[in-house]
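Inspection log for the structure reproduced underneath, given as structure tokens.
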Amino acid sequence: MTTAVTVAVARLGPFHIGIDVACLGGALHAKTALQPLATRQGALAGLAATPQGLLPVVDLRRWLPIGDATVVDGAAAAILVLQCDGRRVALQVDALAGLVVLAPGSIERRHQNHDPEELFEASALVGALGRIDLLEPERLMNLAALWAKGVPAAQAQEQGATAAALAANGPLCALVQAAGMWLAIPVGCAGELLPLPALERSLPGTGPSRGLARWRGRPVAMLAPQRMLGAGAAADATPEPWAMLLTHGPLALMLPVQAFAGLVAIPATVADSGGAPWLSQCWIDAQQRQVHVLDALALLQQLPEAGLSQQDATGRTESAASASAYIVFESDRRYALALDQVQAVLHGAPALADKDVFEWRGRQLPLLDSAMVNGTPSPVVMVLGQGEGLHARVVRQLLTLVPAHTGRLYPIPGEPGQQMLTLTLAQPQVSYRVWQAPVPGGSAA
């Protein structure tokens with residue numbers, strides 16, 4: 001393999017299997033009733049009504065020594081729709097674990113002779129999941145002699161109906177339905193599809209989150225789709241059996257979803273959504289559905305509750321999350337300062353060279369670093385502190401604002417009480433020393 005490939009990972013007994021997203025047409029909750037058939041069965045578990053029509057459902061437990069179905073972390077069983085060259089079949093799995101990208105060279109072939117009787121020819125190692133075995137959907141259909149005719153391959157390419165054809169257009173996305181709207185979530189932020197967990201705590205108000213739930217021992221904010229998506233969302237009573245976990249680095253949110261319809265790619269021609277702040281683009285797909293692109297990365301970066309997932313089951317963190325916003329400024333070096341310590345920012349400072357006091361609102365405040373005026377075209381004065389501890393500081397310039405929960409605070413070894421702020425979302429990551437307010441008769445850090 002010379003290019004990266006995205007696979008959907010599902011659990012089947014003690015095994016994890018991977019399915020190329022180009023062959024994944026969607027997923028159904030396993031509570032979908034199967035229609036039995038008067039047949040000797042074999043690997044056929046029954047027929048399932050899917051958005052692609054009535055499909056035969058394969059149960060690999062009837063062929064392979066997998067064992068009984070197991071539930072891990074409350075995961076819900078699912079039925080996956082597989083599609084290949086105009087044919088479709090459904091597959092029962094114990095859980096749909098999410099999407100992963102396999103780097104070039106990470107796939108190792110086990111059967112070198114392309115054995116037509118083997119369902120899993122290759123494997124890959126994927127982080128905490130361990131080994132995943134890659135399913136050959138076309139061989140599954142051939143060996144089971146089960147499939148339903150779909151759109152012919154040539155026509156599918158013309159219509160952009162398969163993930164493989166769509167992938168050539170633009171970034172690959174998970175297609176889900178939430179609050180009656182169809183959303184395309186970039187796969188880089190679509191971490192896992194899991195059964196909708198119960199809320200441990202409801203959040204008051206009309207904000208975008210409805211409460212807190214638990215995921216692998218960590219608290220994660222659960223979004224309220226109707227409030228988050230704005231006027232386009234409907235008061236839809238359709239059940240929400242699943243939640244899509246949105247992730248980026250240490251940040252995480254849960255989006256309750258009504259349906260998962262596989263993978264799509266953003267087409268070359270899109271329109272402006274003009275709706276909620278986190279809906280950037282939209283288009284009409286081949287099924288005449290209006291699909292909106294969810295800017296999941298902006299959502300994760302802008303909602304403070306996305307940082308709650310950095311806590312473990314006891315509420316502790318490996319290092320403290322930056323609960324406050326910070327301002328980064330340049331003085332003798334670059335520092336970060338908690339924004340709640342800033343009372344005022346004054347541009348165009350008067351002649352302050354060599355002065356040690358600064359008048360502000362009728363008060364004489366101690367002035368630090370007045371020498372910074374020298375050689376600085378437009379020095380800035382910041383009024384800092386709280387109450388009687390106010391003081392002024394001259395800085396060369398203000399550089400940037402760091403939103404809350406987008407950095408982590410680390411102690412500086414050998415310097416008690418001193419910290420560094422690391423911007424976890426920056427690539428590459430950058431760190432700034434946290435400037436500490438001076439104490440009476442002392443000096444700033």
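The values are calculated or read from the model by the stated rules, or taken from the named source; none is laboratory data. Keep in mind that what you see is a predicted model, and the values were worked out from it rather than measured. Glycine also receives a Cβ, built like all others from the backbone with ideal geometry; neighbour counts cover every protein chain displayed. Please note that ligands, DNA and RNA were not included when accessible areas were found on the heavy atoms of the full protein model with its side chains. Shrake-Rupley method; radii C 1.70, N 1.55, O 1.52, S 1.80 Å.
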**OP:** With respect to Val381, determine if the residue is among the hydrophobic types (A, V, I, L, M, F, W, C), at pLDDT 80 or above and either in a loop (DSSP other than H, G, I, E, B) or more than 19 Å from Pro403 (Cβ to Cβ) (or both).
**Re:** yes
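Take the residues of the stretch 236-256 that are open to solvent by less than 30 Å² (accessible area, probe 1.4 Å) and out of contact with any helix residue (DSSP H, G or I) (no Cβ under 8 Å at 6 or more places or on another chain): which is farthest from Pro219 (Cα to Cα)?
Trp242
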**OP:** Please state which of the following conditions Glu117 fails to meet, knowing it meets all the rest: (1) modelled with pLDDT under 80; (2) part of a helix (DSSP H, G or I); (3) charged (D, E, K, R).
**Re:** (2)
**OP:** For the stretch 392-416, enumerate the residues that are open to solvent by 70 Å² or more (accessible area, probe 1.4 Å), modelled with pLDDT under 80 and in contact with a Phe, Trp or Tyr (Cβ under 8 Å, 6 or more places away or on another chain).
**Re:** Leu401
Subject >> Inter-residue pairs, beta-carbon under 7 Å, first more than 17 Å from Ala392 (Cβ to Cβ) and among the basic types (Lys, Arg) and in the stretch 325-341, second assigned to a strand (DSSP E or B) and open to solvent by less than 20 Å² (accessible area, probe 1.4 Å), 6+ apart >> reply: Arg334/Val328
Subject >> Residue count for the stretch 122-163, restricted to those that are open to solvent by less than 20 Å² (accessible area, probe 1.4 Å), modelled with pLDDT of 85 or more, outside any strand (DSSP E or B) and under 21 Å from Leu99 (Cβ atoms) >> reply: 2
Original post:
Any idea which of Thr32, Thr50, Thr39 is at pLDDT below 80 and either open to solvent by less than 30 Å² (accessible area, probe 1.4 Å) or touching a Pro at 6+ places or on another chain (Cβ under 8 Å) (or both)?
Top reply: Thr50
**OP:** Would you mention how many residues in the stretch 181-210 are small (Gly, Ala, Ser) and under 27 Å from Ala10 (Cβ atoms)?
**Re:** 5
Original post:
What pairs come up if the first residue lies in the stretch 273-297 and is among the β-branched types (Val, Ile, Thr), the second is part of a loop (DSSP other than H, G, I, E, B), and their beta carbons are under 8 Å apart, counting only those six or more places apart or on different chains?
Top reply: Val291/Asp285; Val293/Ile266; Val293/Val270; Val293/Ser273
**OP:** Only residues that are at pLDDT below 85 and either polar (S, T, N, Q) or assigned to a strand (DSSP E or B) (or both): list them for the stretch 81-106, please.
**Re:** Ala95, Leu96, Ala97, Gly98, Leu99, Val100, Val101, Leu102, Ser106
Original post:
In the stretch 195-220, what count of residues is obtained for those that are open to solvent by 70 Å² or more (accessible area, probe 1.4 Å), under 25 Å from Asp94 (Cβ atoms) and not in a loop (DSSP other than H, G, I, E, B)?
Top reply: 2
